[in-house]
């Protein structure tokens, strides 16, 4: 009897271990995926600057050294301060003075109730982006009402503001993600680009091939073509898959840089509960996209303030 009992315990233990292995989120992950080879990146970048941007520099910036930079920035930068003479203009705008940039990018960050994360993010990102010789501006879109957080709608609001400002490239960026490799150029490619394919939280493995969240680079024209993101996702989860569905409907092909270049550090934080509309909007036809998104965006703008390190848009949804 005792022997039979031990065998049952052993079998149960083996079954539990097998289930853990097969149900682990990394089981279907990809440590490798199709990506743009570094030598091909320059030809696939979307070369355009903001409508009202001018530079007094004579020589154009060269991006070879940026794209082939194999260094990794230390995460400890979040605890520091910006170097003196950083030349960041009011509203979080920067452009190099020594050369004329080829790219203008609006970094759009949806935000609520993470003051310490935001401070570290801003310091880190300005230190990171100044190395890339691009023209950029950081928009932080804060939801000030008490409704569940609506990340996608906040991104739409920031995108609309950036498009009005003439920015041809949008980077949709979570505040808890920090890029580790300066070679991950914050400029748009001719295809919508999933920038954060290798995140430490997932052991630098892509959880699934159609993942399209975290940090995304997309041209303003492409964002308008897909009518932005859905405004219906209150609460956490689902809006990224919805976003990818729109990309597929419009027959736009997603692209990525290689895993080493796409490494990000995710700052740990406690996630709120999931919303009640997680997976209801994933199958689209073109006429449905036109009825929910950038073109149907409604909100109350509480204030827009130009801070030294970012443009702060406060909204009531």
Considering region 216-230, residues that are out of contact with any helix residue (DSSP H, G or I) (no Cβ under 7 Å at 6 or more places or on another chain) and surrounded by 23 or more Cβ atoms within 10 Å (Cβ to Cβ), and then whichever is farthest from residue 197 (Cα to Cα), we arrive at 218
Pick from region 295-310 the residues that are closer than 21 Å to residue 231 by Cα and touching a helix residue (DSSP H, G or I) at 6+ places or on another chain (Cβ under 7 Å): which of them is surrounded by the most Cβ atoms within 10 Å (Cβ to Cβ)?
299
With the structure loaded, tell me whether residue 145 is within 25 Å of residue 304 (Cβ to Cβ), in contact (Cβ under 8 Å) with a residue 40 or more places away in the chain and in contact with a helix residue (DSSP H, G or I) (Cβ under 7 Å, 6 or more places away or on another chain) or whether it fails that test.
no
Among the residues in region 7-28, are any out of contact with any strand residue (DSSP E or B) (no Cβ under 7 Å at 6 or more places or on another chain) and at pLDDT 85 or above?
no
Candidate set from region 72-98 (those that are out of contact with any helix residue (DSSP H, G or I) (no Cβ under 9 Å at 6 or more places or on another chain) and farther than 22 Å from residue 306 by Cα); member that is modelled with the lowest pLDDT:
76
Lone qualifier among 276, 241 - being farther than 21 Å from residue 32 by Cβ, part of a loop (DSSP other than H, G, I, E, B) and at pLDDT below 95
276
Has region 145-166 got at least one residue that is part of a strand (DSSP E or B), surrounded by fewer than 24 Cβ atoms within 10 Å (Cβ to Cβ) and more than 12 Å from the chain's Cα centre (by Cα)?
no
Within region 231-248, of all residues that are crowded, with 17+ Cβ neighbours inside 10 Å and over 16 Å from the mean Cα position of the chain (by Cα), the one nearest to residue 46 (Cα to Cα) is 246
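The values are calculated or read from the model by the stated rules, or taken from the named source; none is laboratory data. The shown structure was predicted, so the numbers you read here are calculated from the model rather than taken from an experiment. Heads up, the Cβs are rebuilt from the backbone with ideal geometry, glycines too, and the neighbour counts pull from every protein chain shown.
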